[in-house]
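First up is the structure itself, then whatever we jot down about it.
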Amino acid sequence: MSEENKNLNTISEETASADSNAVAETAGKTEDTKAKKAKNKKSKPQKEKGKFKKFMKSRKAKHGTVAMAITALVIVMVIVLNIIIGLLVNRFPDLELDLTSNNSFALQDDTIDYVSHLNNDVTVYILMEKDKFESQGTYFVQAQKMLNKMASKSDGKMKIKYVDLTSNPSFTSNYPNVDWQSSSANNIVLVESGKQYKVLTLTDCFEYDEQTYNYYGTYSFTGTKIEQAVVTAILNVTTDDKVVVDMIKGNNEQDYSSLKSLLENNAYQVNEVSLATGDFDKDAKVAIMYAPSVDLDEKIVEKLSTWLSNDGKYGRSLIYVPTADMGEMPNLDDFLKEWGMSIDRGYVFETDETALVNASSPYAFTVSYGDYYKDNLKNSKIPVVVSESHAVNITDENTAHALLKTTNKAGVLPIDADKSWDYKDAITGNGENVAAEGVMTNEDKKSSRVVVFGSYVMFSDTIMQYNSFNNSAYFMNVINTIADKEDVGITIESKSIDNTELGITDVATQNTMLVVFVIVIPIAILVAGFVFWLRRRNR
């Protein structure tokens, strides 16, 4: 082997040895790296575990755990308290607060007084499932709450039950005098006591927008009357001996359905009689002749007089309301003359602006009460309103006296007034009577009477539904008195829940609430938050 070849072999061996060492060194480094990584992997969980234990032993962890526990406990307490309060309100509805401005969910004093003195057991059936009734809208929820409060105040005498007529069709067979078939009936509540019952419809229990209904055929409810409807229904079904009232018909009378409903709601038995073909009911104590358009014949007048005389025993009463455009009625005039009264064919007008209902019409106005039938009114500060009224003149002060009177700035527009007529000349300064009564008394102090109201419009449904007028209450007070009834009737306002503001009108209370809720509470929250922040920052 030449010298040159030997050198080449030596270089090759050295190179191979160097490569082998490099590979070994690289392998060693790789093993060291893997070992370090493995060591780090083993030590990292231990370090993290140590840190977690250390954190759990720290003050911060302890305070955080306590805070979480307190928060959870408060949430549980709130949930439990909410459940308990809900159960209590369902069991005792009076615990529920009513903060609406017009006490939309509160019962009126008349209702509380009446239901708390019930002597008979009463069941109020709501004719649908409870959930379905509540889902009908806010006024139905309001009605349900009011019924529950009434039941609560009744000391167990009044019970509320829900009946689904779809799943209980046999329920209707127990009440044959109710119209269950007509699609327009809309029966929603049935009140029962003993063998007596009365059904209430949607329109009995709720107020609605008539224009919307007439146009679209759907109800848009604006208020609830269920309190009034149920109370009067209870009064009706718990009264055994109802006073009989005869409505005289057969002389082209105006529509008296509003008066008939008012009487029936107040536990009167109302019958319709025609004196031309029949006679009064033997048990009738009161008769009403409502706005006849034609004069009565002599035989009918004779029947009236005979009935009122009652063979000298008296104790009977007639209420007469003339129609607005009454013509000549000589027989009726002669009859009223016997009772010390006459009717002016003209129309009463009022010039005192404080008494006018509408400044554009002098023929619709409020009147003042006389000395009769005022004492038993629930609120005599609420006025009676009349419209298109005739004057009821007193022709015999020994027999008759005034009941309702205008101001001294009123007069009568003659039916035959011409262009030269001046209203100032018709104002006498004495006022005009728009209601009066004649009374005849026998030796036993028993009296019969004839009550005359000059305006038939004052008893229309449109007028009597206004709570700001006392027309229905005054009429019931009159008829309850002449019928010798102890109960003077129940007049309860309908309720709307459109106004959701708090019912606070006292200025001092308003200012106090303003300071508390707008200033004190926000500042207290800010101060508390700042104190907690400082304490946490300094730990």
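Starting at the first residue of the stretch 146-159, write each ³J(HN,Hα) from the Karplus equation 6.51 cos²θ - 1.76 cosθ + 1.60 with θ = phi - 60°, in whole Hz, x for Gly and Pro.
Values per residue, Gly and Pro as x: 5, 5, 5, 5, 4, 5, 5, 6, 7, 6, x, 6, 10, 10 Hz.
Which trypsin sites (Lys or Arg not before Pro) does the stretch 320-397 hold that lie in a coil by DSSP with at most 12 other beta carbons within 10 Å?
Passing both the DSSP loop test and the Cβ count: Lys381.
Roll a 1.4 angstrom probe over the protein heavy atoms and tell me the percent of accessible area of the stretch 220-360 that is carbon or sulfur.
Ligands and nucleic acids excluded, carbon and sulfur give 41 percent.
For the full complex of protein chains and a 1.4 angstrom probe, list Asp113, Asp422 by accessible area with the highest value first.
On the way: Asp113 90, Asp422 65 Å².
Accessible-area ranking of Asp113, Asp422, largest first: Asp113, Asp422.
Check each of the GluC sites (Glu not before Pro) in the stretch 353-427 and keep only those in coil by DSSP with at most 14 other C-beta atoms within 10 angstrom; list them in order.
Here the GluC sites (Glu not before Pro) that fit, given the DSSP loop and packing criteria, are Glu397.
Once the piece of chain linking Asn430 and Lys282 is laid out straight, how much longer is it, given 0.36 nm per residue of separation minus the C-alpha distance between them?
Working: separation 148, 0.36 × 148 = 53.28 nm, distance 4.21 nm.
Separation in residues times 0.36 nm, less the Cα-Cα distance, equals 49.1 nm.
If you count only protein heavy atoms and use a 1.4 Å probe, how large is the accessible surface of Asp240, to the nearest 10 Å²?
Counting only protein heavy atoms, the figure is 120 Å².
Please calculate how many Å² of accessible area the stretch 203-251 carries per residue, with a 1.4 Å probe and no DNA, RNA or ligand atoms counted. Don't skip to the end; give the middle numbers.
On the way: 2210 Å² over 49 residues.
About 45 Å² of surface per residue is accessible.
Order Glu207, Glu302 by their accessible area, 1.4 angstrom probe, all chains in place, largest first. Write down the numbers at each step before the final one.
Values: Glu207 55, Glu302 120 Å².
From most accessible down to least: Glu302, Glu207.
From the protein chains alone at 1.4 Å, what is the descending order of accessible area for Trp339, Trp421, largest first?
Listed by decreasing accessible area, they come as Trp421, Trp339.
Filter the trypsin sites (Lys or Arg not before Pro) in the stretch 157-220 down to the DSSP loop ones having no more than 14 other Cβ atoms within 10 Å, then list what survives.
Lys195
Based solely on C-alpha atoms, express the radius of gyration and the Dmax of the stretch 251-361 in angstrom.
Rg, Dmax (Cα atoms, Å): 16.4, 50.
For Thr201, list long-range residues whose amide hydrogen, built 1.01 Å from N in the peptide plane, is under 5 Å from its own amide hydrogen.
Residues meeting the amide H criterion: Ile188.
The values are calculated or read from the model by the stated rules, or taken from the named source; none is laboratory data. Note that the coordinates shown come from a computational prediction; the quantities given were computed from them, not determined experimentally. Glycine also receives a Cβ, built like all others from the backbone with ideal geometry; neighbour counts cover every protein chain displayed. The protein model used for the area step is the full one, side chains on, heavy atoms only, and it has no ligands, DNA or RNA in it. Shrake-Rupley method; radii C 1.70, N 1.55, O 1.52, S 1.80 Å.
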